[in-house]
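Okay, structure first, notes after.
The values are calculated or read from the model by the stated rules, or taken from the named source; none is laboratory data. Every value quoted in this text rests on a predicted model; they were computed, and no experiment measured them. Note that each Cβ is placed from the backbone with ideal geometry, even for glycine, and that neighbours are counted across all protein chains shown. Just the protein is used for accessible areas: all its heavy atoms, side chains included, with ligands, DNA and RNA removed. Shrake-Rupley method; radii C 1.70, N 1.55, O 1.52, S 1.80 Å.
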Amino acid sequence: MMRTSLLLFLSLLLVQSTTAQKSITLEDIWVNGTFGARGVPGFAFRNDGVHYTRSTSTTIEQYDLRSGEKTSQVFDVATVQKTDPAWPGAFDDYTFSADEQNILLSTDVESIYRHSAQAHYFVFDARQNSMLRLHNGVDKQRYALFSPKGDKVAYECNNNLFFKDLKTGKQTQMTTDGKPNAVINGASDWVYEEEFVLVRAFEWSPDGQKIAYLRFDEQAVPSFTYEHYHPDSMYPQPVTFKYPKVGEKNAVVTAWVYDLKTGKTVGINTGADAEDYFPRLAWTPDGRVCLTWLNRHQNHLKLLLADPKTGACSVLLEEKNQYYIGENYEPHFLDDGSGFLWETEKDGFLHVYRYDMSGREQALLTRGDWDVTAFYGVDQQNKKAYYQAATINPMQREVFETDLSGRNTRMLHGGSGTHSADFSSTFDYYVHSTSDINTPPVYVVRNRRGEVVRPLEDNERLKNKMAEFNFSNASFYQFENSEKVRLNGWMIRPKAAETAGVRYPVLLFTYGGPGSQKVLDEWMGANYLWFQMLVQQGYIVACVDNRGTGGRGEAFKKMTYLQLGHYETIDQIEAARYLGTLPYVDPARIGIFGWSYGGYLSSLCILKGADVFKAAIAVAPVTNWKWYDTVYTERFMRTHQENPDGYEQNSPINFAEQLKGAYLLVHGQADDNVHFQNTVEMTNRLVAANKDFDVMFYPNRNHGIYGGYARLHLYRKMTAFLDASLKDTWK
């Protein structure tokens with residue numbers, strides 16, 4: 001009786017201390033922006049390397065990077081003397097020509113999928129102080145791109161390629177066979193955009209006389225349809241697009257070169273099969289076309305060099321891998337024509353190599369048992385390369401400079417936290433950003449010696465808000481799984497978590513997909529704020545990076561090959577068991593939450609770990625790998641025909657009958673990426689197994705579930721679900 005009274009007293013003290021502080025609300029996070037971290041605008045650097053531009057909807061202003069002072073007004077709609085009648089009076093975005101005398105302005109921008117968009121474009125000529133409409137039609141255009149001399153603009157419209165001569169105003173249509181859901185010229189299809197991050201599929205030659213482009217014939221690719229619902233329409237509007245699911249036909253991709261002088265098109269003779277991929281297209285400094293070729297299994301890559309006059313190809317570089325070749329497909333050619341830099345995992349970690357133009361390796365620029373995590377570019381004049389890497393541990397990031405021999409390397413920024421850099425066009429100055437898991441980003445301008453030129457943003461306002469609301473610090477931990485592999489994690493606990501006898505419910509946050517990382521010493525953003533709210537309300541929130549995640553080399557990342565979900569689920573379940581052994585954790589009240597791949601894992605965990613997890617939230621989950629796209633799924637799993645056990649043993653729908661705890665399924669009904677079909681079929685299996693569960697869907701919302709109050713509604717729903725499932729009386 002005495003022990004019960006003591007625990008009740010301690011619990012009341014805990015509640016009183018919690019209510020005494022200012023409470024975080026979902027409206028603070030998703031509506032009011034109370035805890036929004038301030039960033040810095042993406043710097044549009046000028047050619048001189050010391051100036052940059054910022055825009056409003058009607059002006060472009062130039063500033064000095066070193067002082068922050070405004071130095072000139074580059075463009076003002078109000079002062080333009082000659083404008084096209086179609087000009088709407090304002091713009092959304094802008095791009096300078098190479099000589100900075102012309103400006104490409106986009107208006108009425110409309111998003112399509114994750115990266116793609118279409119717009120109406122206009123060209124401002126600074127010499128003539130005039131505005132010219134780019135396309136002579138009413139349809140929107142995509143991916144408008146200045147020629148190297150800035151005298152022409154190429155673009156895609158209605159799946160065909162065009163270019164406009166800015167001196168004569170003449171518009172030329174380069175292709176004529178483009179057709180929706182059939183043939184695309186100069187732009188990518190859905191799966192290339194999503195998985196290869198390729199949207200514009202054409203490039204100007206260095207002399208501006210030719211355009212190389214990819215043609216996607218997607219007529220044989222199966223279509224997928226979802227519906228948009230509108231309150232002013234009696235019937236939903238179907239949206240149909242080509243989406244190749246596992247084992248189905250991909251678009252047949254071919255490469256072509258259009259000659260502006262002759263108007264003739266030459267096909268590039270790649271010798272590829274219809275199912276092969278071409279994730280990158282570029283020109284070499286000496287005017288040859290470089291194509292990155294990848295087989296459908298994505299374990300064999302070639303860089304092909306093509307003669308633009310004949311289309312004949314030769315192999316510049318070839319690489320094979322026993323698993324798959326990652327997502328670094330782009331060579332970085334040196335302006336002097338001496339060679340290129342290439343990122344590869346051929347020694348077991350992602351490193352940067354230099355090759356000559358015959359494909360011979362010349363130097364290893366980065367070396368060690370760690371991964372390069374970002375490549376910033378090459379200062380061609382001073383022959384220096386810049387990159388980010390995880391040299392200290394997988395959770396931190398440092399910024400480095402090296403010469404093109406790799407012998408003179410220096411760390412520009414390192415130590416605790418995550419460091420990154422955004423370099424000016426001449427590499428004389430850069431914006432250095434740094435943050436850690438408990439500290440929002442700080443931005444400063446530095447010179448090439450690394451010296452501070454001026455501060456940009458310190459986010460002191462947010463830091464003060466965090467102190468005002470008494471945020472709890474996240475801390476890192478490690479645990480060893482049953483196979484003796486040490487895994488990294490972080491944890492956020494209530495400030496009174498050491499109170500003897502008090503045990504808290506836990507929410508385990510997961511993503512866990514191949515090469516991803518969630519356990520990083522960097523600012524997390526909006527989810528971190530929600531986690532802080534949950535901690536204020538008496539939860540512990542934790543995370544662990546399972547096997548298959550990034551920052552620890554190829555062997556760790558690719559061990560999940562052919563069995564996605566297997567090791568990841570084991571590690572998440574064992575992480576929950578480990579947390580349950582801690583004196584301040586209630587092992588009977590552990591839940592798990594994830595989105596996309598994380599929703600896939602949280603679904604597997606509540607089913608295969610039914611004795612460990614009491615609740616799970618799965619937002620936009622894959623529930624059967626057979627329903628996802630070719631490029632992503634086959635990269636890691638091959639096809640269902642080749643690997644039936646890998647698919648069947650790791651798809652949540654096959655384990656619906658094992659559900660014991662509370663399960664919340666959430667999906668955007670207009671998700672073009674992970675289709676609503678996944679949640680529908682999971683629902684069918686759960687009903688067939690006579691299992692109770694919760695479901696929430698969001699009409700007309702895609703994979704991100706945003707717009708209006710959608711995010712607020714979603715997080716309110718998830719919070720209420722956790723309270724009902726995990727937040728019982730104090731134990």
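Considering Cα pairs under 8 angstrom that are at least six residues apart, work out the relative contact order of the chain and quote it in whole percent.
Relative contact order of the chain: 9 percent.
Residues with beta-carbon under 10 Å from that of P148, excluding P148: net charge, scoring Lys, Arg +1 and Asp, Glu -1?
Taking every other residue near P148 into account, the sum is -1.
Please identify which residues in region 653-667 have an amide N closer than 12 Å to a label point set 7 Å out from the Cα of A610, following the Cα→Cβ vector.
Output list for this probe position: 655-662.
Take Y443, Y229, Y539 and sort them by solvent-accessible surface of the protein heavy atoms, 1.4 Å probe, largest at the top.
Descending order: Y229, Y443, Y539.
Between T172 and T240, what length in nm is gained on full extension when 0.36 nm per residue of separation is reduced by their alpha carbon distance?
21.5 nm
What FRET efficiency comes out for the pair V31/N464, r = Cβ-Cβ distance, R0 = 30 Å, nearest 0.05?
0.90
Residue farthest toward the positive end of the dipole of region 111-182, with Cβ of Lys/Arg at +1 and Asp/Glu at -1: which of L161, A117, A182?
A117
For W190, what accessible area in Å² do you get when you roll a 1.4 Å probe over the heavy atoms of the protein chains, rounding to the nearest 10?
10
Given the Cα-Cα distance of Y113 and R407 and 0.36 nm per residue of separation, how much length would full extension add, in nm?
Here the segment from Y113 to R407 would lengthen by 101.5 nm.
Is there a pair in K22/K484; K179/K264; K179/K557 whose C-alpha atoms are over 31 Å apart, and which pairs would that be?
Among K22/K484; K179/K264; K179/K557, the Cα-Cα distance tops 31 Å for K22/K484; K179/K557.
With a 1.4 Å probe and every protein chain left in place, work out the accessible area per residue of region 484-561 in Å², rounded to a whole number.
Solvent-accessible surface per residue comes out at 26 Å².
Would you rank H675, H120, H230 by solvent-accessible area, highest first, keeping every protein chain in place and using a 1.4 Å probe?
Largest to smallest exposure gives the sequence H230, H120, H675.
Between S358 and T265, what FRET efficiency follows from the Cβ-Cβ distance if R0 is 30 Å, with the result rounded to 0.05?
About 0.55, to the nearest 0.05.
Across region 671-688, in residue order, what do the Karplus-derived ³J(HN,Hα) couplings come to in whole Hz, using 6.51 cos²θ - 1.76 cosθ + 1.60 with θ = phi - 60° and x for Gly and Pro?
3J(HN,Hα) across region 671-688, in whole Hz: 6, 7, 9, 8, 5, 3, 3, 4, 6, 4, 5, 5, 4, 4, 5, 5, 5, 4.
Taking every DSSP beta bridge that has both residues in the chain, what percent is antiparallel when rounded to the nearest 5?
Of the beta bridges lying entirely in the chain, close to 85 percent run antiparallel.
Under a cut-off of 17 Å between alpha-carbon atoms, report the aspartates and glutamates in cross-link reach of K164, not counting same-chain residues fewer than 8 places apart.
Of all the aspartates and glutamates, those that pass the test against K164 - Cα under 17 Å, at least 8 places apart if same chain - are D84, D125, D139, D151, E156, E203, D207, D259.
Given Cα pairs under 8 Å that are at least 6 residues apart, what percent is the relative contact order of region 207-251?
Relative contact order comes out at 42 percent.
About its Cα centre, what dipole magnitude does the chain give when the only charges are +1 on Lys and Arg Cβ and -1 on Asp and Glu Cβ, stated in debye to the nearest 20?
So the magnitude is around 1000 debye.
Could you name the aspartates and glutamates in cross-link range of K463, using Cα to Cα under 16 Å and dropping any fewer than eight places away on the same chain?
D28, D436, E522
Going by amide H atoms built from the backbone, whose H comes under 5 Å of the H on L317, apart from near neighbours?
Residues meeting the criterion, in which the H sits 1.01 Å from N, are L303.
Net charge around C313, counting only other residues with Cβ within less than 11 Å of its Cβ (Lys, Arg = +1; Asp, Glu = -1)?
The answer is +1.
Between A724 and E275, what FRET efficiency comes out of the Förster formula 1/(1 + (r/R0)^6) with R0 = 60 Å and r the beta carbon distance, rounded to 0.05?
FRET efficiency, E275 to A724: 0.80.
Helix-only estimate, please: 222 nm mean residue ellipticity of the chain, summing -39500 (n - 2.57) across DSSP H runs of length 4 or more and dividing by its residues, to the nearest 500.
Only helices count here, giving -5000 deg cm²/dmol.
Along the charge dipole of region 374-530, which of Y386, P505, P441 sits closest to the positive end, that is, farthest toward it, with unit charges on the beta carbon of Lys, Arg, Asp and Glu (+1, +1, -1, -1)?
Comparing the listed Cα positions along the dipole, P505 ranks first.
Counting only residues 5 or more places away or on other chains, whose amide H sits under 5 Å from the amide H of Y663 once H atoms are built in the peptide plane?
So Y663 has HN proximity to A616, D694.
Determine the alpha carbon to alpha carbon distance for each of K518/K608; K170/K383; K249/K691 and list only those over 31 Å.
K170/K383; K249/K691
Which ³J(HN,Hα) values in Hz, rounded to whole numbers, follow from the phi angles of region 314-330 under the Karplus curve 6.51 cos²θ - 1.76 cosθ + 1.60, where θ = phi - 60° and Gly and Pro get x?
9, 8, 8, 8, 9, 9, 10, 9, 5, 10, 7, 9, x, 9, 9, 10, 10
Compute, for F509, the solvent-accessible surface of its heavy atoms (probe 1.4 Å) with the complete set of protein chains present, and express it in square angstrom to the nearest 10.
Only protein atoms counted, so the area is about 20 Å².
If you stretched the chain out fully between V197 and E480, how much longer would it get, using 0.36 nm times the residue separation minus the C-alpha to C-alpha distance?
Fully extending the segment from V197 to E480 adds 98.3 nm.
So what does M559 come to for accessible area, using a 1.4 Å probe and Å² rounded to 10?
Taking all protein chains as shown, M559 has close to 60 Å².
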